[in-house]
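Encoded as structure tokens, the structure appears first; notes follow it.
What follows draws every value from the coordinates through simple rules; no lab data is involved. What you are looking at is a predicted structure, and each value in this text was computed from that prediction instead of being measured. Cβ placement follows ideal geometry from the backbone for every residue including glycine, while neighbour counts extend to all protein chains displayed.
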């Protein structure tokens, strides 16, 4: 059975004081969560604070991006071993905002997945289609292309050591929502695509939903057979909301 994973993505939000308050609330309430694995992915500049506050707790933590390089003249980049120095367990790669605003190609995302894995991190690989791509009926071809690039770069066994997060880009912060059937259909497609390479990997790999999961819809989404948790944006910035999603994943 796949252990549920709930990972908060704080994006470019927070302050030292605000994050300290948020983490205090999370630690106070985490005792209610028993079955789910829980993590937070913080802006890089705050990861040291997160480590100090969460070390020894039930939480894991991670970064939001990683360089393909381990060191060198790459100003502004953060290498996988640097994230490991601060106790990171996870790192997000290929988030839709990185693909859109930083022109990250499928090939670059695949290289980042490989770099994260080589550094001993668990990559959370984001896949998903835009509204135009969905309306053109291209959802499966887009997701397959994004996934296949990582399989080609890393091999199916290495992909199996990561996590996948499906992001319907058109349903994030737009007021639109994906139906339960729409979400489950793409999750099942991803698992089926993995099974073409290795059934065991497909059965064991966790696929998270990254389309604005919150306390109101979490239980229904998590009841779907191929949704194994959530990559949580806005709801991860409020301790009560995030803990409510964690609790739903633990039922």
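Do you know the relative contact order of region 73-191, to the nearest whole percent, from alpha carbon pairs under 8 angstrom that are 6+ apart?
Contact order relative to length: 27 percent.
Looking at the chain only, what percent of DSSP beta bridges run antiparallel? Nearest 5 please.
Percentage antiparallel, nearest 5: 0.
Please find, in a Gaussian network model of the chain (springs between Cα atoms separated by less than 10 Å), the residue of 114, 152, 144 whose mean-square fluctuation is greatest.
Among 114, 152, 144, the largest mean-square fluctuation in the Gaussian network model of the chain belongs to 152.
If you find the alpha carbon centre of region 27-87 and of region 144-171, how far apart are they in angstrom?
Their Cα centres are 21 Å away from one another.
Give me the one-decimal nm value for the distance between modelled label points at residue 216 and residue 102, 7 Å along each residue's Cα-to-Cβ direction.
With each label placed 7 Å out from Cα toward Cβ, I get 3.2 nm.
Please identify, among 57, 239, 197, the residue showing maximal mean-square fluctuation in a Gaussian network model of the chain using a 10 angstrom Cα cutoff.
57
Beyond 22 Å, what percent of the Cα pairs of region 1-117 remain?
In whole percent, the share of Cα-Cα pairs in region 1-117 beyond 22 Å is 36.
Two decimals, Cα atoms only, Kirkwood Rh: what is Rg/Rh over region 102-190?
When Rh is taken as the Kirkwood radius, the ratio is 0.99.
Given a Förster distance of 22 angstrom, what is the FRET efficiency for residue 58 paired with residue 1, based on the Cβ-Cβ distance and rounded to 0.05?
After rounding to 0.05, the efficiency reads 0.70.
For the chain, set up a Gaussian network in which alpha carbons nearer than 10 Å are linked by springs, and say which option among 208, 221, 22 fluctuates the most.
Residue with maximal mean-square fluctuation among 208, 221, 22: 22.
On each of the three principal axes of the Cα atoms of the chain, give max minus min coordinate, whole Å, ordered largest first.
46, 45, 34
Using every pair of alpha-carbon atoms in region 1-64, split the distances into 5 Å bins beginning at 0 and state the percent of pairs per bin, rounded to integers.
Percent of pairs per bin, in order: 4, 17, 31, 26, 14, 6, 2, 0.
How large is the helix-only mean residue ellipticity at 222 nm for the chain, computed as the sum of -39500 (n - 2.57) over DSSP H runs with n ≥ 4, divided by its residue count, in deg cm²/dmol to the nearest 500?
Here the helix-only value at 222 nm equals -12500 deg cm²/dmol.
Roughly what would the spin-label model give for residue 240 and residue 152, points 7 Å off Cα along C-beta, in nm?
About 4.9 nm, to one decimal.
Hey, with R₀ at 30 Å, roughly what FRET efficiency would residue 179 and residue 28 work out to, going by the Cβ-Cβ distance, to 0.05?
For residue 179 and residue 28, the calculated efficiency is 0.30.
Taking every pair of distinct Cα atoms and averaging 1/r, then inverting, what Kirkwood hydrodynamic radius in Å comes out for region 59-131?
With all distinct Cα pairs of region 59-131 included, I get 12.3 Å.
What does the extension gain come out to for residue 20 and residue 85, with contour length at 0.36 nm per residue minus their alpha carbon separation?
21.3 nm
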